[in-house]
Amino acid sequence: MHKCDILVVGSGIAGLSSAIRAKAKGADVVIATKGVATKSNSVMAQGGMNVALGNIDSDSPKLHISDTLKSSHNLANKDMVSKLCNGGIDAIKFLEEIGVPFSRLDDASTPLKSIAQRALGGASAKRACYAQDYTGLKILHTLLDRAINLDIPIYERLFLLELIKNSDGEVCGGLFFNFDSGEIEPIYASKVIIATGGFGAIYSKNTNSATSTGDGLSAILRAGGELSNLEFVQFHPTTLKGSNILISESARGEGGYLVNCEGERFIDELSTRDKIAKAIFEQLKQNRQVFLDLRHIGKEKLMHLMPQELKLIKQYANTYATKELVAIEPAVHYTMGGASVNKQFEVVGLKNCYCIGEASNANVHGANRLGGNSLLEAVTFGLLGANEAVNATASKIEEQEFNYKLPIAKASDNLKILQAKKSLADTLFNQVGIVRDEQNLLKALKVIEELNIENLTINDSPKHSTLLIELLELQNASVLAKALIKSALWREESRGAHIRSDYPDEITEFEVNSTITL
């Protein structure tokens, strides 16, 4: 059993940023994470981190705010967007101080002025700070090194089952299943920061780590917290056809074209992701294959700026991107919705439970996130969220007895779990995808409800521990899938990444967040 001032659940960029800041402010911090810290979903963020440095183009936080609000389709909160964009300078200074190896310009007067920047979709200037096309990975590993140097305990392979509350209803810890011991273990804390990421991996075609199953969001919902805007699921336009390996937006930021099988460019490659994904969907619907064309950029420049991209394309598509077209298709990449939080990042309905990063709906992305804003949010709000948590009045820690029952039974059909997982994932992608309508949404809801996932169990043999984790994830996926579909049914309009073919227009009365509670 562990006790601490602040428990951070999740070891991605948001969680590590929070833990490091809280530790620097004198808090006793513990990190608990489901997977292995070096394999966080944060490493999937390749293209860059938006900060209005103005190193390449004339830029300002004001322009960044304007771009972000425009992309949100009137669903973002201006105050929170201002906090995000104006906080970028402090965030990038923090990363510079701990040694993140950003790509550099040849001639600059100060360290910040030397950071190279590139254009990403929807931006009015080149403002994405990058480290070749390994940006998320290099930020994550640098943060992890700092956390280890600060002696912050990082407990891996712990699955969050429930949030712990005291007799006053305040959150005071988390209850975890330990993969290695098979035991259920509490970690008590006077404040909890949820940084468990999104739920993109519950879709069959996605770019996410397999661990991105929304466990933190499900725990928040069961504890009495509120989720919002779950219907806004972002499809990344360029993933390798078949494998859905992500090809970063930086490929288009550096001049890549999108062409169909007839060699036609059919969309502005630096438009926002919702528009590009829809345009590709329409091409595919007409049986026109879509390709990413990088050939004209030149091998030397591509090798310098996008070495990872070239390796991935060769490895997973057996294609030489410097001289061949790259077959692509959209796949789920990011979930804009999450836990509703106030301006202090505290979850609506839960005292002393904070939420940051992709797990949070901090009202900065609205209906469509700008590429480059996710890393900015993870670091900026990770730091600011830690400030708020450290300064808040502590919850009273009360040790408790737990009677949590794992879904284990002697008579179980383990095959049903794998079948249900595939059915849920395929149903979401096919019926709750880029373009939706009431008929398909209702069909999807019916299919998922009939899977009866909440009543599935595994055989009680210890050798099935891996399958037990899959079942726990599947149960969380079922909760979130049904909440997502109900939110999508409620929003009878098309707005950003939520496209309803039966309601094709934006409607003013829906310029509000959808909300879900249990």
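The values are calculated or read from the model by the stated rules, or taken from the named source; none is laboratory data. Given the structure is predicted, the values throughout are model-derived calculations rather than measurements. Here the Cβ positions follow ideal geometry from the backbone for every residue, glycine too, while neighbour counts run over all protein chains shown.
Tell me, which residue of segment 58-83 that is assigned to a helix (DSSP H, G or I) and within 15 Å of A128 (Cα to Cα) is nearest to the chain's Cα centre (by Cα)?
T68
Right, S71: under 22 Å from S340 (Cα atoms) and either in contact with a Phe, Trp or Tyr (Cβ under 9 Å, 6 or more places away or on another chain) or modelled with pLDDT of 95 or more (or both) or not?
yes
Looking only at segment 277-287, count how many residues are farther than 18 Å from E506 by Cβ and in a helix (DSSP H, G or I).
Total meeting the criteria: 6.
Can you name every one of the strands (runs of 3 or more DSSP E) wholly within segment 124-225 that holds 3 or more residues which are within 22 Å of C353 (Cβ to Cβ), in contact with a Ser or Thr (Cβ under 7 Å, 6 or more places away or on another chain) and in contact (Cβ under 8 Å) with a residue 24 or more places away in the chain?
184-194
Show the residue pairs meeting these rules: Cβ distance below 9 Å; 6+ apart or different chains; first residue within segment 74-88 and at positive phi; second residue in a loop (DSSP other than H, G, I, E, B) and not hydroxyl-bearing (S, T, Y).
Close Cβ pairs (under 9 Å, with a partner that is in a loop (DSSP other than H, G, I, E, B) and not hydroxyl-bearing (S, T, Y)) amount to N74/G366; N74/A367; N74/E506; N74/E511.
Considering only residues that are of a type in the set (S, T, Y) and either within 11 Å of the chain's Cα centre (by Cα) or buried (at least 21 other Cβ atoms within 10 Å of the Cβ) (or both), which ones fall in segment 178-219?
Y188, S190, T196, Y203, T207, S209, T211, S212, T213, S218
Take residues that are touching a Cys at 6+ places or on another chain (Cβ under 7 Å) and tell me which of the strands (runs of 3 or more DSSP E) falling wholly in segment 323-378 contain 1 or more.
Where strands (runs of 3 or more DSSP E) fall fully within segment 323-378 and carry at least 1 residues being touching a Cys at 6+ places or on another chain (Cβ under 7 Å), they are 338-340.
Given the criteria under 30 Å from E183 (Cα atoms), among the aliphatic types (A, V, I, L, M) and free of Cβ contacts under 8 Å to residues at least 12 places away in the same chain, does L456 qualify?
No: the conditions fail for L456.
Restricted to segment 100-123, and to residues that are part of a strand (DSSP E or B) and in contact with a Gly (Cβ under 8 Å, 6 or more places away or on another chain), which residue is surrounded by the most Cβ atoms within 10 Å (Cβ to Cβ)?
So, considering only residues that are part of a strand (DSSP E or B) and in contact with a Gly (Cβ under 8 Å, 6 or more places away or on another chain), the one surrounded by the most Cβ atoms within 10 Å (Cβ to Cβ) is Q117.
Please state which one of G385, G371, G366, G349 is under 21 Å from E226 (Cα atoms) and either without any contact (Cβ under 8 Å) to a residue 60 or more places away in the chain or under 16 Å from the mean Cα position of the chain (by Cα) (or both).
G366
Filter segment 432-448 down to the residues that are of a type in the set (A, V, I, L, M, F, W, C) and either outside the structural domain of S487 (by TED's automatic domain parsing) or not in a strand (DSSP E or B) (or both) and list them by number.
Of everything in segment 432-448, those that are of a type in the set (A, V, I, L, M, F, W, C) and either outside the structural domain of S487 (by TED's automatic domain parsing) or not in a strand (DSSP E or B) (or both) turn out to be V432, I434, L441, L442, A444, L445, V447, I448.
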